[in-house]
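Structure record follows, encoded as structure tokens.
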Amino acid sequence: MKLCMIGIRGHNGYILDDLEELRHVKVVGLSTGTEEDDIGKLENWCNEHGHTPELFADYQQMLDKIKPDIVSVCGPLELHAEMCIEAFGRGINVFCEKPVAITLEDFERLKVAYDEAKVHFAAMMGLRYHPAFYTAWRTVRDGAVGVVRLINTRKSYKLGQRQPYYLCRETYGGTIPWVGSHAIDWIHWFSGESFCAVYATHTVMHNRDHEELEMSALCHFTLTNDVFASSSIDYLRPTNAPTHSDDRIRVAGTDGVIEVRKGEVYLINGETDGEEQLPAECDRQIFRDFVGHVEGKTTSLIGPKETLAVTEACLLARKSADEGRVVSF
């Protein structure tokens with residue numbers, strides 16, 4: 001199976017980690033998708049691990065010449081949608097860094113292009129495969145909290161010193177679509193409901209000279225069946241914190257509550273003796289799942305339907321925050 005990789009601005013690690021087990025998948029082409037980035041480190045990794053990819057300055061030329069089965073997209077955020085559309089038009093399966101589009105106009109173009117393609121398409125929502133979140137999701141799916149009624153999520157990052165493209169909305173897309181996409185994805189995934197409306201706020205205050213980068217945001221979603229959900233999103237995690245991110249979810253249902261905090265899973269319901277810690281396990285990997293889905297061997301945890309729904313939710317939440325009003329789906 002032939003794999004081409006575009007760009008270095010994302011979670012290429014998801015792919016590289018799984019290639020060790022996917023011996024039949026070969027990286028045959030590399031392109032940065034932009035003159036600004038250096039493909040050297042990725043090229044070196046490939047050469048050291050038995051892949052001999054051809055390098056291309058033009059990613060479209062690469063797709064035309066190589067005709068890969070799969071392309072990964074980790075190029076500039078503002079080009080994600082265009083890169084996906086180009087791959088769809090060539091009948092290539094696409095594994096794309098999130099968000100897959102950073103404007104509503106590009107999102108609509110992307111939807112139309114995908115509808116006309118017969119390929120697999122998924123965003124790199126790797127936290128679905130984190131042992132704690134995967135275990136919590138399976139526990140909710142198995143009915144341990146009853147009918148889901150309320151969800152609270154948190155994504156908190158260290159700010160550090162961000163690259164120049166984070167400083168401008170046109171090349172960054174905003175903190176809600178970038179940081180918040182995982183938290184918004186959990187809402188969609190755990191609830192099993194559809195988004196109906198959102199009210200969000202965000203601010204650039206105290207962003208330490210990062211220009212247009214929003215430092216904090218809060219989203220309130222109304223979903224079908226009167227399920228309510230919130231996402232707390234920020235770059236306020238202190239530099240001396242033990243981990244880069246603080247990722248949490250609380251799901252309250254008619255029969256109990258489950259939480260993920262500090263990488264652990266906690267459940268309380270009518271059958272537990274107080275709050276019970278569950279063993280966190282996941283025997284699946286995101287890119288291995290993607291390849292298995294393409295081959296018809298498995299069903300990946302995230303596909304085109306989820307990718308498009310979460311992308312739209314992120315962009316409409318950002319629109320709500322920009323305009324200071326409730327936005328309906």
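Might you let me know whether the stretch 102-120 holds any residue that is closer than 17 Å to Arg9 by Cβ and of a type in the set (A, V, I, L, M, F, W, C)? I'd like the intermediate steps shown before the answer.
Narrowing the stretch 102-120 to residues closer than 17 Å to Arg9 by Cβ: 102, 106.
Within this subset, residues satisfying the condition of being of a type in the set (A, V, I, L, M, F, W, C) are 102.
Among the residues of the stretch 102-120, at least one is closer than 17 Å to Arg9 by Cβ and of a type in the set (A, V, I, L, M, F, W, C), which makes the answer yes.
Restricting to the stretch 249-265, count the residues that are under 14 Å from Trp137 (Cβ atoms) and not β-branched (Val, Ile, Thr). Before you say what the answer is, go through the steps one by one.
Taking the stretch 249-265 first, the residues under 14 Å from Trp137 (Cβ atoms) are 249-251, 253, 258-260, 265.
Now narrow it down to the ones that are not β-branched (Val, Ile, Thr): 250, 253, 259.
Qualifying residue count for the region: 3.
Of everything in the stretch 248-299 that's under 30 Å from Lys2 (Cα atoms) and in contact with a strand residue (DSSP E or B) (Cβ under 6 Å, 6 or more places away or on another chain), which residue is surrounded by the most Cβ atoms within 10 Å (Cβ to Cβ)?
Out of the qualifying residues, it is Phe290.
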>> Cβ-Cβ distance below 7 Å, separation of 6 or more or different chains: which pairs start in the stretch 235-252 with a residue that is within 17 Å of Asp185 (Cβ to Cβ) and end on one that is crowded, with 17+ Cβ neighbours inside 10 Å and small (Gly, Ala, Ser)?
In response: Ser245/Ser156; Asp246/Ser156; Ile249/Ala136
> If you go through the stretch 224-240, how many residues are touching a Phe, Trp or Tyr at 6+ places or on another chain (Cβ under 6 Å) and within 25 Å of Arg149 (Cβ to Cβ)?
Replying inline: 1
> Counting only residues that are in a loop (DSSP other than H, G, I, E, B) and out of contact with any strand residue (DSSP E or B) (no Cβ under 7 Å at 6 or more places or on another chain), how many does the stretch 125-165 have?
Replying inline: 10
> Would a scan of the stretch 182-198 turn up a residue that is surrounded by fewer than 24 Cβ atoms within 10 Å (Cβ to Cβ), hydrophobic (A, V, I, L, M, F, W, C), in contact (Cβ under 8 Å) with a residue 12 or more places away in the chain and farther than 27 Å from Val145 by Cβ?
Replying inline: no
> So, in the stretch 304-329, of the ones that are out of contact with any helix residue (DSSP H, G or I) (no Cβ under 7 Å at 6 or more places or on another chain) and not charged (D, E, K, R), which residue ends up farthest from Trp186 (Cα to Cα)?
Replying inline: Gly324
> When the stretch 1-30 is examined, which residues are found to be crowded, with 17+ Cβ neighbours inside 10 Å, in contact with a His (Cβ under 6 Å, 6 or more places away or on another chain) and touching a residue at least 60 places away in the same chain (Cβ under 8 Å)?
Replying inline: none
> In the stretch 103-144, which residues are free of Cβ contacts under 8 Å to residues at least 24 places away in the same chain and not assigned by TED's automatic domain parsing to the domain that holds Leu308?
Replying inline: Glu105, Glu108, Val112, Asp115
> Could you say which residue among Gly50, Gly33 is outside any helix (DSSP H, G or I), on the phi > 0 side of the Ramachandran plot and loosely packed, with under 15 Cβ neighbours inside 10 Å?
Replying inline: Gly50
> From the list Leu104, Leu63, which residue is surrounded by 22 or more Cβ atoms within 10 Å (Cβ to Cβ) and among the aliphatic types (A, V, I, L, M)?
Replying inline: Leu63
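The values are calculated or read from the model by the stated rules, or taken from the named source; none is laboratory data. Just so it is clear, the structure is predicted and the values come from calculations on it, not from any experiment. So basically every Cβ, Gly included, is an ideal-geometry build from the backbone, and we count neighbours across all protein chains shown.
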